[in-house]
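**Student:** Handing you this structure, nothing more for now.
The values are calculated or read from the model by the stated rules, or taken from the named source; none is laboratory data. Every value quoted in this text rests on a predicted model; they were computed, and no experiment measured them. Note that each Cβ is placed from the backbone with ideal geometry, even for glycine, and that neighbours are counted across all protein chains shown.
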Amino acid sequence: MITRILIILILFLCSNVVAQNNQQQKERMQKQRIAMQAQKRLVRMLNSLKEKMTRVQTSLKKRGRDVEADKIKSALDKILYNFDENSAPSKTPLESDMQELTKLIEEGLPGKAFDKSVEVNAKIELIYKFLLDRQTPEKVDKKIAELQKQLQNMNKLASKQSQLKDKTKQIEKEQKQALTQEEKQLKKENENILERLRKLMYDTQKTSKKVNSEMQKMQQNLKDMEQKQQDLISQAQNKQEPTSLKEKMKNVDDVLNKQKKVAEKVDDFKKAEELLKDLQKLQKQQEKLSNIKQNEQQQQAGQNKVQETIKSLDQLSQAVDNLKKQQQQTQEKTQQAQAMSDLKKEIENLKKRQERASRVMKLSSNDPRFAKALARGQKKLAKSADELAKKLKKLSESPTLKEKLNDPKAAKQAEDLAKQLEKTAKKMDEVAKKTESGQLKEAQEQQQKIGKQLESLQKMADNKSLQKLGEQMSAKLQKDQAQLNDQAKKLQKALDKVSKNVPQKDDMKEAKKWADAAQEKMEEAQKKLAEKDAKSAQEKQERAIENLDAMKSYLKKSLAKMKDTPQSDMQRKLAAVQKKIANRMQKLGEKAKSQQMPEMKDILNEMNKAAQQTKQGNQEKRIAAQKSASQKMQQSINKLQKKLAQEGKMQELQKQQKNIEDQAKELAKKWQKNDPKLADNIKKAMEKMENARKEIAKKDFPQADKNTKKALENLQNMKKDLQQMMANTKKSDLDMQMAQEDLENKARKMASDLQRMSEKEKGELKKQVQKALENMMQASRKMNNANRNIESQDFKNASKNQKQALENIRKTMQEMQKSLKKENKQNNEQMAKLGKEQENLQKRTEEMMKNMEKMMKSQKISPENKKRIAEAKKSVEKAVEKMKKSLKRLRKKKPKDAQNEQKMAQRELEQSKRTLDNMKNERLTQKQQKRLEQLRKQQKELKKEAQQLAKQLDSLKKKKASKAAKDASQDMQNADKKMKDQKTTQAAEEQEKAEQRLKQAKREVEKEKWKYENLRQEEIIFNLSGELKELVKEQTAVYNDTKSLDQNTKKHGITRRDLIAIRRISSRQKKLVAEIDKIMKKLEKEDSQVFNWILRRIRVNMDETVKNLRRRDMGILTQSLQKEAIDRMSKLLVALKEEQDRRKKQNQQQQQQQQEQQMQQRPRILPTIAELKMIKDIQIEIKNKTQRLFNNIKDKKVMDSLTRKRLERLGYEEGDLAEMTKRFIESLEGKSGGN
């Protein structure tokens, strides 16, 4: 029953009725939402973290940083799979716990959610610590010890395998020595042939160098020199005839300058003529402008027409306002008619809602929890009734209802109905208040009365008079809307009429568009009213009003533009014409600059004044300005006409042009023979000059100007051609000089080569080379002379010296040819000898092949050795083929090609030697069999050890090393099988493979060990940096307290309080000594002599400080000891920081090759270079301190006890530093020697 009541109540109240909870429930729900949001955010963060951790793990794995990658993988396992941590609350993964926590918060179980959140928080803390926790040195040392143990096992196993391999190879060696006599002879013969082939190759190479001798190269170079010298002789002969380029250039420049002057005068006359024509045109326009008479009547008529248009637009705008107002009234009436037609439905709806409310109240009258919800629903009913009452009241008071419809009875009924509805609404409001206050019974009684009133109101609304009233209103609205539609059409016609007189058509077009749209919507509203669809009609009326607003806005724009036009069309046209004339006059003013006519500027000013006065409407001043401009324009025209009418100047210009023509004609005749191209160009220029002269006579200055400019262009092109010819001539001289100089250098070099050759040769050949040398030196001298002649433009003597040089070159070639013949003869004899040697060697190799064939058939040779001989025979056959080719090359006198063939034959014989070296006696003696059996047993034991090693490496998760060990085990097993079959060679090969596999496994483990060594060093550096920082901080505080106490005691003496302070400082200093001792103890295992030495010296300083404090000595010595300790610890910190940065950078950039190089030695806390730098810094520090003390002694001229102590201390420290440096260098030398 309660459920049914709740459903009915929710349906009635909709969104206003919600489940009512107390304040504590609301707060709890709010907190739950906040917790849920936070938890979801955490889940998103966890998902993001998983992705990042996966990416980082992959990246670290690729870079070989397996330790860090494994750590991140373990953390991911804790998040995703299993939380295998002893201190964890449970073994479930973190992700599952987070999901469960989310579910508990959603289900609203705060207690369980809190417990689970504590567990999740604890696991997050454990993962955080796991990732940040730096491995302790003990853990790392343990890992290093494990890896070192495995390395020792590997070393032992590899050593045993190497010894076993050597023993197997010893047996194999004994087998090879136990060959038959025939087999031994075959091997020896192969070696002898190979040795003789090598000697033959050496002799062939030597002969090849002689064939391609320096003398032959010289002969070829001499041929090239001969050809080049001949070319240079031809060039020099061509230069012997002098040229007249400079004279031609001078003549062309003279003609060109004269023609430029003529062209300038012609251009001046042309511009004057153009200016005159333009001024005459302007004068005519100015006369037309001056003759324009402004017709006052026309102007007034135009102004009246504009005013009429403005008035029409204003009236049209008012008509739009009236139409809009009437449409708004009609729209309001349509709303009233709609209310009247919906009256019956509204009252019925109120009645139904009231009945529903009464039923709900009856059902829930015994439950006060629903009182507020019922009250809200009742208030809504009251509000609806009150709104309906107001509509009816407004309708009853409407003048349309009382006057135009003439139905006072209907109006009275509507008014009564409105009053009754108003009373009913008040009663409904009272019911709501009583319901809200809990007076449910009284509210029920009141609701019953309201229900009866609503029935009465329903009957009143069903009255025929009111229905008739609604019909009358609808009919009246149709008529009103029809009238408005007619008004809109009239408005359209008026708008079309006015638009014809408005110059700005765009705004009127837009206004017309919106007028058409408004009329269309009014017509549609009329149709909807006829169809009794008041609601749709109301919408159309609203659109019509909006369109009328748009139409009015465009009418306003057009009206504003009409009112803002101050000038008439006549004024505008007049001002525009004047402006055009003024602009043209300005352009003419720029043209007239060359004609020296400043009055053009005055004309322009007067025209601008006239245009301005026209714009302002000042007719008198405009006319005066125009008149002044016309007068000055006439003066300018007269001046130009006078200039163009001067016949004397025209005749003088024609005469000048004729003189230039005659000069050009003479040049053309002069150049016709030597340079016809240049003569043709000047003839073209002459034609243009003649045409220009004729046009000047006709006073056709534009055409004359064109011809003079073309003549100028031809002359300028001639000048450019001459300039290019002169440049080429200079360039040709320079090129010839450079070529001769290059040839001279080659001759000198060849002379130097001949000098060196003459020193080597002997006998007749030496005499021939010396003669060639003398000729070449003479050629070089003549070339030098020729070069000087070219430089001084003395081409006649240059040609003479060049011919003599050419003759000397040819004599050198003859002497060299004689030497070459003799050398070639010697080379041919040598190649014949080499060919014979090659032939003999080939025959000997062929005989060895025949011997091999016999041995392959012999029963004394074992089958295995027969196979080896057969394989060697294939290589020997190939060697014989190469020897045959070599012999052919030698007979063709191509020693270099023969040498290449010999090299290939050598490779084949070396291959046959390697094959024959593998021959052995396959039958083992009894002693050898026993030894091999013992080796086999040892191999089995080593195999077991290798398998055990692989298992151990598996347990350490060293996959690569484990795989290498397993492969080694397999190789050992293969070696065992070969030994069983008494195949010592194959067994030794398998043993070699096994040894290499073990070395590979060793490298992998060493790599891992190096990583842990590096990690251990990083941990030590990290901890050491922290400890040193604390020591520096504390030592600085002790130093400051010592300094302050020293200053205080010097002023006031030592008091009892000071003694207590001294004891405290001494105690603190002693604690620092203890801390240094701890650090030194940790670093005993580390190979860092410099670091340990500095720490030891710091400890010495601190010890001396403690002793001084006990003696109440807080002075300079004690403070300097403390300060020195601080400085050195600070330097150590800087060195450690630099090393941390270096390692970090190295880890980011480290490659596999670098890792393998670094694995060769154990990593150090500080690299060698850093320790050397520290030694240098300490040495400089000691030197500076010594220098300061020396300067102090020098100033005081006395050494006090304090200075003596400090010097003694520095001396001891210097000696100690020297000893440490010596040990440091020895350790470095030992390591480098070991490596």
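**Student:** Taking residue 902, is it touching a Ser or Thr at 6+ places or on another chain (Cβ under 6 Å) and under 30 Å from residue 199 (Cα atoms)?
**Tutor:** Answer is yes for this residue.
**Student:** Residue 688 passes all but one of (1) under 30 Å from residue 809 (Cα atoms); (2) at pLDDT below 80; which number fails?
**Tutor:** (1)
**Student:** So, residue 1040, is that one over 26 Å from residue 1083 (Cα atoms) and part of a helix (DSSP H, G or I) or not?
**Tutor:** Here the answer is yes, as residue 1040 does meet what is asked.
**Student:** May I pose another question? Just checking, how many residues over the stretch 147-196 are among the hydroxyl-bearing types (Ser, Thr, Tyr), over 60 Å from the mean Cα position of the chain (by Cα) and either surrounded by fewer than 16 Cβ atoms within 10 Å (Cβ to Cβ) or within 24 Å of residue 858 (Cβ to Cβ) (or both)?
**Tutor:** 1
**Student:** Evaluate the following for residue 262: is it among the hydrophobic types (A, V, I, L, M, F, W, C) and either in contact with an Asp or Glu (Cβ under 7 Å, 6 or more places away or on another chain) or at pLDDT below 65 (or both)?
**Tutor:** no
**Student:** Sticking with this structure for a sec: Any chance the stretch 753-769 includes a residue that's basic (Lys, Arg) and outside any helix (DSSP H, G or I)?
**Tutor:** So far as the stretch 753-769 goes, yes, one or more of its residues are basic (Lys, Arg) and outside any helix (DSSP H, G or I).
**Student:** If you go through the stretch 56-100, how many residues are of a type in the set (Gly, Ala, Ser) and either in contact with a strand residue (DSSP E or B) (Cβ under 9 Å, 6 or more places away or on another chain) or modelled with pLDDT under 75 (or both)?
**Tutor:** Total meeting the criteria: 4.
**Student:** Something else: Of all residues in the stretch 790-800, which are in a helix (DSSP H, G or I) and either surrounded by fewer than 21 Cβ atoms within 10 Å (Cβ to Cβ) or modelled with pLDDT of 85 or more (or both)?
**Tutor:** 791, 796, 797, 800
**Student:** Here is a list of conditions, (1) in contact (Cβ under 8 Å) with a residue 40 or more places away in the chain; (2) part of a helix (DSSP H, G or I); (3) closer than 13 Å to residue 1042 by Cβ; (4) not small (Gly, Ala, Ser), and residue 1112 meets all of them except one; can you say which number that is?
**Tutor:** (2)
**Student:** Tell me whether the stretch 756-775 contains one or more residues that are without any contact (Cβ under 8 Å) to a residue 24 or more places away in the chain, closer than 30 Å to residue 734 by Cβ and surrounded by fewer than 17 Cβ atoms within 10 Å (Cβ to Cβ).
**Tutor:** no
**Student:** So, in the stretch 1184-1223, exactly how many residues are surrounded by 14 or more Cβ atoms within 10 Å (Cβ to Cβ) and either part of a loop (DSSP other than H, G, I, E, B) or among the aromatic types (Phe, Trp, Tyr) (or both)?
**Tutor:** Within the stretch 1184-1223, residues that are surrounded by 14 or more Cβ atoms within 10 Å (Cβ to Cβ) and either part of a loop (DSSP other than H, G, I, E, B) or among the aromatic types (Phe, Trp, Tyr) (or both) number 0.
**Student:** Now for a different question. Farther than 30 Å from residue 327 by Cα and either touching a strand residue (DSSP E or B) at 6+ places or on another chain (Cβ under 7 Å) or at pLDDT 75 or above (or both): which single residue out of 459, 489, 493, 423 fits that description?
**Tutor:** After applying the criteria, what remains is 423.
**Student:** Within the stretch 897-931, which residues are hydrophobic (A, V, I, L, M, F, W, C) and either part of a loop (DSSP other than H, G, I, E, B) or surrounded by fewer than 20 Cβ atoms within 10 Å (Cβ to Cβ) (or both)?
**Tutor:** The answer is 904, 919, 924.
**Student:** If residue 939 satisfies all but one of (1) in the same structural domain as residue 873 (by TED's automatic domain parsing); (2) crowded, with 23+ Cβ neighbours inside 10 Å, what's the number of the condition it fails?
**Tutor:** Status for residue 939: all satisfied but (1).
**Student:** Follow-up question, since we're still on this one. Would you pick out the residues in the stretch 823-848 that are surrounded by fewer than 17 Cβ atoms within 10 Å (Cβ to Cβ) and under 27 Å from residue 178 (Cβ atoms)?
**Tutor:** Residue satisfying the conditions is 847 alone.
**Student:** When you check residue 357 against the structure, is it at pLDDT below 75 and surrounded by 15 or more Cβ atoms within 10 Å (Cβ to Cβ), yes or no?
**Tutor:** no
**Student:** To continue, here is another question. Taking the conditions exactly as written (part of a helix (DSSP H, G or I) and either farther than 26 Å from residue 1217 by Cβ or acidic (Asp, Glu) (or both)), does residue 1047 satisfy them or not?
**Tutor:** yes
**Student:** Within 58 Å of the chain's Cα centre (by Cα), under 30 Å from residue 757 (Cβ atoms) and modelled with pLDDT of 80 or more, is that true of residue 224?
**Tutor:** Yes: the conditions hold for residue 224.
**Student:** Another question about this same structure. Being at pLDDT 75 or above, more than 23 Å from residue 473 (Cβ to Cβ) and either assigned to a helix (DSSP H, G or I) or not assigned by TED's automatic domain parsing to the domain that holds residue 456 (or both) is the requirement here; does residue 375 meet it?
**Tutor:** Considered against the rule, which asks whether it is at pLDDT 75 or above, more than 23 Å from residue 473 (Cβ to Cβ) and either assigned to a helix (DSSP H, G or I) or not assigned by TED's automatic domain parsing to the domain that holds residue 456 (or both), residue 375 comes out as yes.
**Student:** Quick one: count up the residues across the stretch 90-119 that are part of a loop (DSSP other than H, G, I, E, B), under 27 Å from residue 73 (Cβ atoms) and charged (D, E, K, R).
**Tutor:** Number satisfying all stated conditions: 1.
**Student:** Among the candidates 515, 530, which residue alone is surrounded by 16 or more Cβ atoms within 10 Å (Cβ to Cβ) and either in the same structural domain as residue 490 (by TED's automatic domain parsing) or closer than 17 Å to residue 332 by Cβ (or both)?
**Tutor:** The unique qualifying residue is 515.
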